[in-house]
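A.B. asks: Here's a structure for you.
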Amino acid sequence: MKLPPYTNLRADTAWVIYSVLELGKSSRECLAKAQARHNKQDSAWLQEMAMGVFRHVPQLQIWLRQLLDQPLKGNKKILEHLLLLGFYQQAYSRVSDHAAVSATVDAADVLGGMRLKGLINAVLRNFQRQQLASQTSSDPIVASGLPKWMYKRIAAAYPEQLVNIIDAMNQPAPVWLRVNTRQCSHQKYCKALTEAGINFELSDLHPDAVILLDRLPITTLPGFPQGWFSVQDGAAQLAAPLLSPQPGERVLDCCAAPGGKTAHVLEKQPELAACVALDSEASRLERLTENLNRLQLEAEVICADASTPDSWWDGNQFDRILLDAPCSATGVIRRHPDIRWLRKPADIEALQSLQQRILDALWPTLKPGGTLLYATCSILPEENTLQIQQFLARQQDATLQPMTDSESNDKPGRQILPGEQQMDGFYYARLLKSV
């Protein structure tokens, strides 16, 4: 379905919600199209409302089933998503009830629902009249805002941490910056933020990081055109230090786009013999190249499938490999709430298989004595500890290089959970190839 023919803020928001929940489209792609039709303030509202709906889909759908006698079908289905937006505005946002109802009913016209405006109005008025905003489900799965299968997997893996994980997943993520110390010192950048009146805090674990307390357009921050910083969550900022590249080494960043970790490797170690950034998506590599250019950094960029080295590898082995493997992205749901509805149970098995193929394919490209750092932004054990356990069992010349005292072959790697020290959910395992 195309964008509504006439620009209307709530109609465009409903279109984004419909495109994600019904058509399986990425919110990033849909938001970019919808927001291009609106000014900055309205664009921010559109994103806030859509992301809010994605965080509360189970509860919103319960209310919808209570108030709508029969589901809408065909090209009228989008009006159900307009109603979800109307419920969200009344139950969870700062929008007044009157504005939420009247503006939402008006949006039905733009979405081809002129004859159903009375129905939309009646449903929203009944929502108010029955005070449903104060009647939320006591079911923990509904309250989590997650699909049932995902909730059950997380609950099984982390029974003691479940409440904190769910809470973190439903909070907006903080904005982390990583200062490009090849262009600007950390002290100098903090001074620039202070002089600009921008509030921030620091992290003891991240010497190059700044956590913004004010939400501002990234391109308006001090030093953006000069490449003084990158936007990168604290968990992702651990990759380059854990990889620990040394002067004169050849480094491969695999599945590298959009290039945050590639840039950090180059910033941490400017004396590499080579840094190769590999990704299979050409459009994402364009963003990587743009980011490197802004940061005034250089890497060899290759568009190819990591699981088939014969198509791109020249036979010259790497000293260090960073594999940021394709994954479920369950660790970054707070940053991308639509992930919970785009992922399906069958995806996990497919991703496990892909991760295994890439790991096995890359291992021969690593020098004896070399290090491979495996990373995902997932919190599911199947993609993390279990994946590495199986790899160590298959590869006799691979040994675990612990990053923490609690690691062992039975429990390899470090799992960061969402919200831990303000970071996204992330997993790392460091593997050493025998000489």
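A.B. asks: Of (1) 28.2; (2) 19.6; (3) 22.1, which one was derived for mean projected area of the Cα convex hull in nm² from the structure shown?
C.D. replies: (3)
A.B. asks: Let me have the 222 nm mean residue ellipticity of the chain computed from DSSP H runs of 4+ only, each contributing -39500 (n - 2.57), with the sum over all residues rounded to the nearest 500.
C.D. replies: -12500 deg cm²/dmol
A.B. asks: Give the aspartates and glutamates reachable from LYS433 as a straight Cα distance under 13 Å; neighbours fewer than 8 places away on the same chain don't count.
C.D. replies: ASP319, ASP360, ASP397
A.B. asks: Considering only protein heavy atoms, with the full assembly of protein chains and a 1.4 angstrom probe, order TYR6, TYR189, TYR92 by accessible area, largest first.
C.D. replies: From most accessible down to least: TYR6, TYR92, TYR189.
A.B. asks: Ok, one more. Within 15 Å, Cβ to Cβ, of THR136, how many net charges do the neighbouring residues add up to if Lys/Arg are +1 and Asp/Glu are -1?
C.D. replies: Net local charge, THR136 excluded: +1.
A.B. asks: Roughly how many percent of the accessible protein surface of region 25-182 is carbon and sulfur, given a 1.4 Å probe and a whole-percent answer?
C.D. replies: Here carbon and sulfur together make up 48 percent of the probe-accessible area.
A.B. asks: OK, next. What does the net charge come to around LEU46 if you take all other residues with beta carbon closer than 10 Å to its beta carbon, with K and R at +1 and D and E at -1?
C.D. replies: It works out to a net charge of -1.
A.B. asks: Among LEU242, TRP149, ALA398, whose Cα projects farthest towards the positive end of the dipole of the chain, with charges put on the beta-carbon of Lys, Arg (+1) and Asp, Glu (-1)?
C.D. replies: TRP149
A.B. asks: Also: If you count the DSSP beta bridges with both ends in the chain, what percent of them are antiparallel, to the nearest 5?
C.D. replies: 55 percent
A.B. asks: Rank-order 263-270, 201-208, 140-147 by packing density, defined as the average count of other C-beta atoms within 10 Å over each peptide's residues, highest first.
C.D. replies: Packing order, densest peptide first, comes out as 263-270, 140-147, 201-208.
A.B. asks: Using 0.36 nm times the number of residues separating ASP347 and ASP397, minus their current alpha carbon distance, what extension gain do you get?
C.D. replies: The span from ASP347 to ASP397 would gain 15.0 nm if fully extended.
A.B. asks: Here is a follow-up. Over region 334-435, with the other protein chains present, what is the accessible area per residue in square angstrom, probe 1.4 angstrom?
C.D. replies: 40 Å²
The values are calculated or read from the model by the stated rules, or taken from the named source; none is laboratory data. All values derive from a computational prediction rather than experimental measurement. When we count neighbours, we look across all protein chains shown, and the Cβ atoms used for this are built from the backbone with ideal geometry, even at glycine. Keep in mind that these areas ignore ligands, DNA and RNA; they rest on the heavy atoms of the full protein, side chains included. Shrake-Rupley method; radii C 1.70, N 1.55, O 1.52, S 1.80 Å.
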